[in-house]
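The values are calculated or read from the model by the stated rules, or taken from the named source; none is laboratory data. Quick caveat, the model's predicted, so the values are computed rather than measured. Positions of Cβ are generated from backbone atoms using ideal geometry, with glycine treated the same way; all protein chains shown enter the neighbour counts. Side chains included, ligands, DNA and RNA excluded: accessible areas come from the protein's heavy atoms. Shrake-Rupley method; radii C 1.70, N 1.55, O 1.52, S 1.80 Å.
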Amino acid sequence: MTRGATQDVTVTGLLAEIADVGRDAVRGGYSRHVFDDADRALREWFTTRATGLGLDVVPDADGNLWAWWGAPGPDAVVTGSHLDSVPGGGALDGPLGVASALAAVARLKATGLTPARPFAVVVFAEEEGSRFGVACLGSGLLTGAVAPDRARALTDAAGTTLAEVWAANGLDPQRLGPDDRALGRIGCFVELHVEQGADLVHRGAPVALATAILAHGRWRVRAVGQGNHAGATPMGSRHDPVIVAARTVLAAREAALATPGARATVGRVTVVPGGTNVIASVAEAFLDVRAADDGTVRAVVAEIAGAVRAAGEAEGCTVEIVEESFAPAVVFDAGLRRRLAAVLGDPPAIPTGAGHDAGVLATHVPTAMLFVRNPTGVSHAPEEGAAAEDCERGVDALVRVLEELV
Ligand code: GLV
Ligand code: MN
Ligand code: MN
Ligand code: MN
């Protein structure tokens, strides 16, 4: 049997092939960010593996990869996920859905199935927003949720624009943006994903269907003060933006604790110039807020913003709060979920606090998600995992779902 032939394609085998790509020696886990060396290697790997399965891989202008089984066409069944990670992320958030999709195609091919509907596996670009700050960038561009002009001007930590990165990777930045033809071809979308909590551990079940996704936004709080000498500047004469960033962290926690079900996180703070004996001139705190509905997220952010502005005034710093992204709450298509629940023998149905490309697609086409049990319940960290048998059960479930849909 040659490599790439259908019989030797298993989800754990596929994941093992990319286990060394993009390891982060400093943070642990993986750092795979759109069009960096690791992401490019994963794109090549996907292209080789999908082509080996007889799929035709077509990149789109938004950085996404489409692998078609047969000719692209209307009312297509699409499955897939993403290959990028957060900084120091786990091995499965994203790749499990892509590898499971390829393994499912291999199984379906081995049974001699020919899809009656067009069928594709998709890899969405920059789902985590780790390089350019906007989560679900590839699906957001495709659907128009992210404006092309804004996307082109986004910069990474090195100051390189997205337009430059796209051009360096053979994509025409002028062509990125909503693609009604590609979107119009999707009849339904199913994303398999590692669970990002321990619900399935508690329920003793390997696989679940998703019901809903929390509303989710990201804000950048930028405070500008006066850089100065840590020893020579009396405490009462300072304009220290780090105080404002610290207030942001605490206000986020207080506001979320006071709001049932809300979650607020500052996972990243940057300080300029960043010297131990230097009062900073600029501090930025990156705020992530989620809740069951859009209004609650907005209310929590308003609460935090009030506290941050007051801290800025007290400290003599200017404060700017910029919304970087907002994804409304998602309820997955009830009809599709019922249909898949019947096929899967009524697995648990659970909501998720994590964002997904499936959430972006759900506004446009019937969409569903499958979750695979994660024994640690940890995600966006190296401890994320899934047992090999559960990964196989995830593929079993995806195969049954695809058989039902195609
Ligand atoms: C992405 O995984 C997110 O939910 O932030
Ligand atoms: Mn993630
Ligand atoms: Mn993910
Ligand atoms: Mn995500």
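For the structure I just gave you, tell me whether Thr352 is within 16 Å of ligand 4 (Cβ to nearest atom), under 28 Å from Arg203 (Cβ atoms) and polar (S, T, N, Q).
yes
Please pick out the residue among Ala311, Ala291, Ala302, Ala327 that is crowded, with 20+ Cβ neighbours inside 10 Å, closer than 26 Å to Leu154 by Cα and of a type in the set (A, V, I, L, M, F, W, C).
Ala327
Are there any pairs, at least 6 apart or on different chains, whose C-beta atoms fall under 8 Å, with the first in region 292-316 and more than 18 Å from Arg253 (Cα to Cα) and the second open to solvent by 70 Å² or more (accessible area, probe 1.4 Å) and part of a helix (DSSP H, G or I), and if so, which?
Sorted first by the residue in region 292-316, then by its partner, the pairs are Glu315/Ile243.
Okay, residues lined up against (1) touching a residue at least 60 places away in the same chain (Cβ under 8 Å); (2) within 21 Å of the chain's Cα centre (by Cα):
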position: Asn64; (1), (2): yes, yes
position: Ala71; (1), (2): no, no
position: Val86; (1), (2): yes, yes
position: Leu96; (1), (2): yes, yes
position: Leu102; (1), (2): yes, yes
position: Arg107; (1), (2): yes, no
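Just to be sure I understand, how many residues within region 73-118 are more than 15 Å from ligand 4 (Cβ to nearest atom), in contact with a helix residue (DSSP H, G or I) (Cβ under 7 Å, 6 or more places away or on another chain), open to solvent by 10 Å² or more (accessible area, probe 1.4 Å) and within 21 Å of Thr12 (Cα to Cα)?
3
Six or more apart or on different chains, Cβ under 7 Å: which pairs go from a residue in region 145-167 that's under 25 Å from His216 (Cα atoms) to one that's assigned to a loop (DSSP other than H, G, I, E, B) and of a type in the set (Val, Ile, Thr)? Could you list them?
Val146/Val134; Leu154/Val134
Checking Val365 against (1) in a loop (DSSP other than H, G, I, E, B); (2) within 16 Å of ligand 1 (Cβ to nearest atom); (3) within 28 Å of Val146 (Cβ to Cβ), which single condition isn't satisfied?
(2)
Table: residues versus (1) of a type in the set (A, V, I, L, M); (2) under 21 Å from the mean Cα position of the chain (by Cα); (3) open to solvent by 20 Å² or more (accessible area, probe 1.4 Å).
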residue	(1), (2), (3)
Ala120	yes, yes, no
Glu126	no, yes, no
Arg150	no, yes, yes
Leu171	yes, no, yes
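Which residues, counting only those in region 274-286, are closer than 19 Å to Arg220 by Cβ and either part of a loop (DSSP other than H, G, I, E, B) or open to solvent by 10 Å² or more (accessible area, probe 1.4 Å) (or both)?
Gly274, Ala280, Ser281, Val282, Glu284, Phe286
Keeping to region 362-380, report how many residues are open to solvent by less than 20 Å² (accessible area, probe 1.4 Å), among the hydrophobic types (A, V, I, L, M, F, W, C) and within 16 Å of ligand 2 (Cβ to nearest atom).
Residues meeting the conditions: 4.
Would you mind finding the one in Asp346, Asp357 that is surrounded by fewer than 19 Cβ atoms within 10 Å (Cβ to Cβ), out of contact with any Pro (no Cβ under 9 Å at 6 or more places or on another chain) and of a type in the set (D, E, K, R)?
Asp346
Per-residue answers, yes or no, for (1) without any contact (Cβ under 8 Å) to a residue 40 or more places away in the chain; (2) open to solvent by 10 Å² or more (accessible area, probe 1.4 Å):
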residue	(1), (2)
Arg185	no, yes
Gln196	no, yes
Gly204	yes, yes
Val207	no, yes
Leu214	no, yes
Gly217	no, no
Arg222	no, yes
Ser237	yes, yes
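Only one of (1) touching a Leu at 6+ places or on another chain (Cβ under 9 Å); (2) within 16 Å of ligand 4 (Cβ to nearest atom) fails for Asp179. Which number is that?
Unmet for Asp179, out of (1) touching a Leu at 6+ places or on another chain (Cβ under 9 Å); (2) within 16 Å of ligand 4 (Cβ to nearest atom): (2).
On the basis of being more than 16 Å from ligand 4 (Cβ to nearest atom), in contact with an Asp or Glu (Cβ under 9 Å, 6 or more places away or on another chain) and of a type in the set (Asp, Glu), does Asp149 make the cut?
no
Of Arg40, Arg27, which residue is under 26 Å from Gly267 (Cβ atoms), within 16 Å of ligand 2 (Cβ to nearest atom) and basic (Lys, Arg)?
Of Arg40, Arg27, the one residue that is under 26 Å from Gly267 (Cβ atoms), within 16 Å of ligand 2 (Cβ to nearest atom) and basic (Lys, Arg) is Arg27.
Among the numbered criteria (1) surrounded by 16 or more Cβ atoms within 10 Å (Cβ to Cβ); (2) under 18 Å from Asp93 (Cα atoms); (3) aliphatic (A, V, I, L, M), which one does Val297 miss?
(2)
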